[in-house]
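Notes for the one structure printed next.
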Ligand code: C2E
Ligand code: CA
Ligand code: CA
Ligand code: CA
């Protein structure tokens with residue numbers, strides 16, 4: 001999008017100029033955000049469909065911007081990827097997740113595993129794995145408690161490097177999940193060449209899974225494919241009881257979505273788990 005913007009200066013409207021100014025401003029703010037401790041992790045629970053228990057959560061970053069309020073990742077992660085700041089942000093995310101796991105020891109959140117999102121750009125960083133190892137050691141976290149979510153883009157470019165990074169993550173004992181499964185335009189070969197632990201079926205298949213035959217067929221096929229390969233399946237974006245029942249009937253392992261809970265701050269999560277009010 002950036003290079004496109006550069007080639008179309010002659011078409012710049014005032015609105016686009018405003019956006020460019022805002023982008024530059026945001027990029028400058030981003031350089032201060034870590035030092036000012038402005039990032040937070042929200043956690044979205046995943047419901048185990050076989051037991052009805054919540055044993056895992058996905059960590060989703062938010063930026064508490066001093067003037068603009070709470071910003072969603074779409075508003076700053078792409079920018080951070082362009083500028084390269086994503087590397088430091090990713091390190092912060094991993095450390096924050098490990099600290100959270102440490103804080104949960106001896107509380108009703110003790111059983112939770114945490115999944116963090118890493119982009120392909122973050123995987124480029126050679127010292128990423130060392131940072132993850134150090135975070136696990138410094139917070140005394142069992143690596144099995146940490147899961148990494150990666151999208152299929154990592155199997156399209158820079159494949160050899162990425163596969164070696166994945167091997168190193170696995171050697172640490174970290175669980176690997178493929179995020180947004182089914183929309184990534186990559187081959188299925190990586191499921192053979194590189195055993196992953198979980199597949200997350202993209203929300204776009206779940207949204208109409210009870211209305212559209214095609215989506216139902218694809219969702220069932222993905223669940224069967226995964227199970228036959230010994231991989232667990234998470235459904236993203238579950239918003240209705242009907243979707244949940246469909247997923248249960250077809251033996252999907254985990255469900256995540258607004259029906260169960262939105263991503264929430266850790267204090268709210270602890271309260272909901274303590275009071276048993278989550279779902
Ligand atoms: P994602 O990994 O696919 O995360 C799921 C997104 O769907 C989250 O948006 C979540 O709030 C939203 N969601 C969950 N359940 C539902 C539902 O039932 N309905 C609908 N409509 N949406 C639902 P969010 O938090 O805005 O995150 C957007 C994306 O930003 C994530 O997509 C992920 O790709 C990226 N992201 C989030 N946190 C991080 C991070 O720490 N590092 C990196 N690199 N990327 C992150
Ligand atoms: Ca994710
Ligand atoms: Ca996803
Ligand atoms: Ca998705």
task = Could you please find all residues in region 182-237 being closer than 16 Å to residue 248 by Cα and away from ligand 4 (no atom under 16 Å from the Cβ)?
result = 210, 216, 217, 220, 221, 223, 224, 226, 227, 232
key: Lone qualifier among 111, 157, 103 - being touching a strand residue (DSSP E or B) at 6+ places or on another chain (Cβ under 9 Å) and more than 16 Å from ligand 2 (Cβ to nearest atom)   = 111
message = I'd like to know if region 144-152 contains one or more residues that are crowded, with 18+ Cβ neighbours inside 10 Å, away from ligand 3 (no atom under 15 Å from the Cβ), touching a residue at least 40 places away in the same chain (Cβ under 8 Å) and closer than 16 Å to residue 92 by Cβ.
response = yes
ask   = Within region 84-120, can you find the residues that are within 16 Å of ligand 4 (Cβ to nearest atom) and free of Cβ contacts under 8 Å to residues at least 60 places away in the same chain?
value = 116, 118, 119, 120
message = Looking only at region 167-190, count every residue that is under 19 Å from the mean Cα position of the chain (by Cα) and either within 15 Å of residue 225 (Cβ to Cβ) or within 12 Å of ligand 1 (Cβ to nearest atom) (or both) and tell me the total.
response = 9
request  = Test each condition in (1) in a helix (DSSP H, G or I); (2) under 30 Å from residue 134 (Cβ atoms); (3) in contact (Cβ under 8 Å) with a residue 60 or more places away in the chain for residue 171 and report the one that comes out false.
outcome  = (3)
inquiry  = I'd like to know if region 195-211 contains one or more residues that are part of a loop (DSSP other than H, G, I, E, B), within 16 Å of ligand 3 (Cβ to nearest atom), under 30 Å from residue 127 (Cβ atoms) and out of contact with any strand residue (DSSP E or B) (no Cβ under 8 Å at 6 or more places or on another chain).
reply    = no
task = Kindly provide the set of residues from region 133-149 that are closer than 21 Å to residue 122 by Cα and either in contact with a strand residue (DSSP E or B) (Cβ under 6 Å, 6 or more places away or on another chain) or not in a helix (DSSP H, G or I) (or both), ordered by number.
result = 145, 146, 147, 148, 149
remark   = Only one of (1) modelled with pLDDT of 95 or more; (2) surrounded by 14 or more Cβ atoms within 10 Å (Cβ to Cβ); (3) more than 16 Å from ligand 2 (Cβ to nearest atom); (4) farther than 21 Å from residue 176 by Cα does not apply to residue 223, and that is (4)
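The values are calculated or read from the model by the stated rules, or taken from the named source; none is laboratory data. For clarity, every value in this text was computed on a predicted model and none was experimentally measured. Every residue, glycine among them, receives a Cβ derived from its backbone with ideal geometry; neighbour counts consider all protein chains shown.
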